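The numbers here are math on the coordinates, done by the rules we state, and not lab data. Everything numeric here is computed off the predicted structure, so don't read it as measured data. With ideal geometry, Cβ positions are generated from the backbone for all residues, glycine too; neighbour counts draw on all protein chains shown.
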Amino acid sequence: MSEKGAARAGALLSVRELSVRFRMRGGREIAAVTDASFDLAPGECLALVGESGCGKSVLASALLGLLPGNARTSGSALLHGTGLDLLAADEATLARTVRGRRIGLVPQSPAGHLTAVRTVRSQLAETVRELTGLRGQELAAATRQAAERAAFPADHLDRYPHQLSGGLAQRAATALALVGDAPLLLADEPTTGLDRDLVDRTVDELRGHTRDGRGLLIITHDLRAAERVADRVAVMYAGRIVELSAAAPFFGEPGPRHPYARGLLEALPERAFTPVPGMPPELGDLPEGCAFAPRCVRASEECATVPALTGGLACHHPVPAQDVAADSERDRHRDLDRHREQDRHHEGSRA
Ligand code: SF4
């Protein structure tokens, strides 16, 4: 079935043909997101990946009703269990029933998200009071429990945000996101600025919260983080989802089929370490047809029309699965040759 079809049975969230346009001065229009369609199931982690500026954070803001006034949205984003279309809901409904209660947001910059002049305890208590109505001793106990759920240490609760390490600020922000027991967690670049160990720990902790049936939509440019935790991957390029795949075949065999998704993965240091040539287009000045065409070695005349996302791929000439496997084999041999060369070099220097 096309990704634009009916919502997947049992999904927490069904997004269909979500588009976002920004009206700029002089009548210019920015096509930040175009026709994005996907589902998220309970207990599932979907990673939305792509380079900076591809539209993934705008998509997240659209789901939470946090776009600026010059944005226009179309399509739908059904939050099951509420009967709500997030794109059609008014601000009062989103603030009262969605943000914090049905969708917990783990922000991009936790330190910036926390109020600098208040302790973590005070900020957590305010959120717990707001979402549960508890007071007094019960509120104090629930605040400690909220910290515990995100593994935030109780003896740091009276610290201010600037007294926290990056990892603890992240846990404080996660604790705030979990207070309302929201069935859906939306993590927007939650590992920005963290070192690799902390990235791994942070995404593992976020993934842990799906064990009780929460859905996790993680928005990241970090493919290694996505590989670590995602069940499915959606790759965005120039505002469109160009490949939507189960994570295992995407990161393993046969690998990505869309030329851009494949290039993105091959750019990783532990893979071919070869960047995708060229630069992404400006979202306010997209080329006609497939936006990846100027950078794509597989482009043909057919690519002058935009390919629809069908069967998880938006490409007129996807990389055939057997070619992907052959390329992987070539890469493995090249790695082996490189390791042998390094070994010879080390032995030579020891002699
Ligand atoms: S549609 Fe054409 S230009 Fe675009 S990625 Fe596929 S082959 Fe390349």
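Looking only at the stretch 53-72, which residues have a backbone nitrogen under 15 Å from a spot 7 Å from the Cα of D85 in the C-beta direction? Label zone hits: 63.
Work out, step by step, the length gained on full extension between F273 and A140: first 0.36 nm times the residue separation, then minus their alpha carbon distance; give nm to one decimal. Could you put the intermediate results ahead of the total?
Numbers: separation 133, 0.36 × 133 = 47.88 nm, distance 5.07 nm.
Computed gain between F273 and A140 is 42.8 nm.
Using a cut-off of under 16 Å, list every residue of the stretch 52-71 whose amide N is near the label point 7 Å from the Cα of R28 along the Cα-to-beta-carbon line. Within reach of a label on R28: 70-71.
Would you kindly state how much longer the chain becomes between A92 and D197 on full extension, computed as 0.36 nm times their sequence separation minus their alpha carbon distance, in nm to one decimal? Present the calculation step by step, with values, prior to reporting the outcome.
On the way: separation 105, 0.36 × 105 = 37.80 nm, distance 3.97 nm.
Extra length available between A92 and D197 comes to 33.8 nm.
Measuring how big the stretch 103-181 is from its alpha-carbon positions, Rg and Dmax come out at 11.2, 32 Å.
With the simple spin-label model, which puts each label point 7 Å out from Cα in the Cβ direction, the A116 to R224 separation comes to 3.2 nm.
Kirkwood Rh and Cα-based Rg: tell me the resulting Rg over Rh for the chain, rounded to two decimals. Kindly include the intermediate steps, with their values, before the conclusion.
Values: Rg = 22.1 Å, Rh = 21.8 Å.
So for the chain, dividing Rg by the Kirkwood Rh gives 1.01.
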